[in-house]
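Structure first, then comments.
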Amino acid sequence: MSIVSFISDLDTPLLLWLGLPIDTVFSTQGIMVMLLVAYAGAMWMFLSSAPKVHTIMVSDLEVARRFYEGMLRLQVADVPLHYYYNYEQTLGGVGMDPLLASDMTSMGRQYAGPDGLWYQLKKNTQLHIIAGASRGHRDRQRHVCFDHDCLEQILMRVQTQGIRHKIRRDKPLNFLVKDYDNQVIEFAEVAN
């Protein structure tokens, strides 16, 4: 029994109740419209469930790894799919699928997808740590962020873990933290 004959056997077919003729719905154009609506719904569900990502730029990734995993006890997180497939980085450009590029080497090093460290900050919020910040005053480690909310969450985590810190400024937020090696790490919000 085909779908068309099943629907036409109903006393008051749903499609007729909506005012749509059956032959229009099951035409090529009707099927294409239904597929586009289904695709739009799937993309909306995918993107609305994606975690919020805060990015912090650091002067040394290894020092940052010891701090975030050791002192702050943040759980390592998986790279969100919208970053893994470079959706945000390649809008309008040509991207490379990491699955296809898994055997490729680039300038003598293995291609490893999105660079940096990934941590779970809250239930639907992740922290992305990348290299690139310059060293601070007195050769301090620097962790730079453009998002005030992100640094507030890090500061709250520092305070709940009982880590020695000093707030230097509230707006833009700037505070110092001492790590296990007694190195001072400066957290700085960059006002945009």
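Please treat every number below as a calculation from the coordinates, not as lab data. Computed from a prediction, not measured in an experiment: that's the story for all the values here. Cβ: placed from backbone, ideal geometry, glycine included. Neighbour counts: every protein chain shown.
Would you mind computing, in nm to one decimal, how far apart the modelled labels at R73 and D181 are, each placed 7 Å from Cα along Cα→Cβ?
2.3 nm
Rounded to the nearest 0.05, what FRET efficiency do R135 and S49 have when you use their Cβ-Cβ distance and R0 = 45 Å?
0.75
Given H placed 1.01 Å from N in the peptide plane, which residues other than close sequence neighbours of L173 have an amide H under 5 Å from its amide H?
Result for L173 returns E189.
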